[in-house]
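See below for the structure under consideration.
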Amino acid sequence: MRIATAEQMRTLDRRAIEERGVPSLELMERAANALAEAAIDTAANAPGRAVCFCGPGNNGGDGFVTARYVSLAEADVVVFLMGDESHMSDASRLYYQVCEKMVIPVRKIKKAEEAQPFLDDADIIVDALIGIGLRQGVSGEKADLIDRA
């Protein structure tokens, strides 16, 4: 498996959008679909129970889309939104609203411990809290949530 740096991913995204004409929302759909398929394939009780952690940025949008795909595979899904809702990217807000329309539970949390009961029996855990826009280390409640997952 090849791993790309954040800068390489920015370049790949930009080139796909600018040079190939692939809309950014299409990139998000493709990435989320691939992640959902991989998660379901590796889950012990596929598709079982899934927990998706989303932040307000575009990576959170990826998480909301992944939750939708996992839900369509008949998993029991719950999404946790951690972060300032007023800072949601357009894509994240769009897919958040899609989850609401599909009646996928979205719980807004401030403390990592609020998600703990859902982690104990999760077959799939998706971390979409922070993406390639990260400029500094992760700390506080987001770090605690990542550690718990």
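Could you go through the range 2-16 and let me know if any residue there is open to solvent by 20 Å² or more (accessible area, probe 1.4 Å), out of contact with any His (no Cβ under 8 Å at 6 or more places or on another chain), among the hydroxyl-bearing types (Ser, Thr, Tyr) and under 18 Å from residue 124 (Cα atoms).
Scanning the range 2-16, I find no residue that is open to solvent by 20 Å² or more (accessible area, probe 1.4 Å), out of contact with any His (no Cβ under 8 Å at 6 or more places or on another chain), among the hydroxyl-bearing types (Ser, Thr, Tyr) and under 18 Å from residue 124 (Cα atoms), so the answer is no.
Has the range 18-31 got at least one residue that is among the acidic types (Asp, Glu) and open to solvent by 80 Å² or more (accessible area, probe 1.4 Å)?
yes
So residue 96 passes all but one of these: (1) open to solvent by 50 Å² or more (accessible area, probe 1.4 Å); (2) in contact (Cβ under 8 Å) with a residue 24 or more places away in the chain; (3) hydroxyl-bearing (Ser, Thr, Tyr). Which condition number does it fail?
Single failed check for residue 96: (1).
Please go through the range 109-126 and pick out each residue that is surrounded by fewer than 16 Cβ atoms within 10 Å (Cβ to Cβ) and either within 14 Å of residue 63 (Cβ to Cβ) or in contact with a helix residue (DSSP H, G or I) (Cβ under 7 Å, 6 or more places away or on another chain) (or both).
The answer is 109, 110, 111, 116.
Could you list, ordered by first residue, the pairs with Cβ atoms under 8 Å in which the first is in the range 103-122 and of a type in the set (A, V, I, L, M, F, W, C) and the second is exposed (fewer than 11 other Cβ atoms within 10 Å of the Cβ), at least 6 apart or interchain?
Between residues of the range 103-122 that are of a type in the set (A, V, I, L, M, F, W, C) and residues that are exposed (fewer than 11 other Cβ atoms within 10 Å of the Cβ), the close pairs are 112/147.
What do you reckon, is residue 62 acidic (Asp, Glu) and crowded, with 21+ Cβ neighbours inside 10 Å?
yes
The values are calculated or read from the model by the stated rules, or taken from the named source; none is laboratory data. None of these values were measured; they are calculated from a predicted model. Heads up, the Cβs are rebuilt from the backbone with ideal geometry, glycines too, and the neighbour counts pull from every protein chain shown. SASA here: full protein model, heavy atoms, side chains in, ligands and nucleic acids out. Shrake-Rupley method; radii C 1.70, N 1.55, O 1.52, S 1.80 Å.
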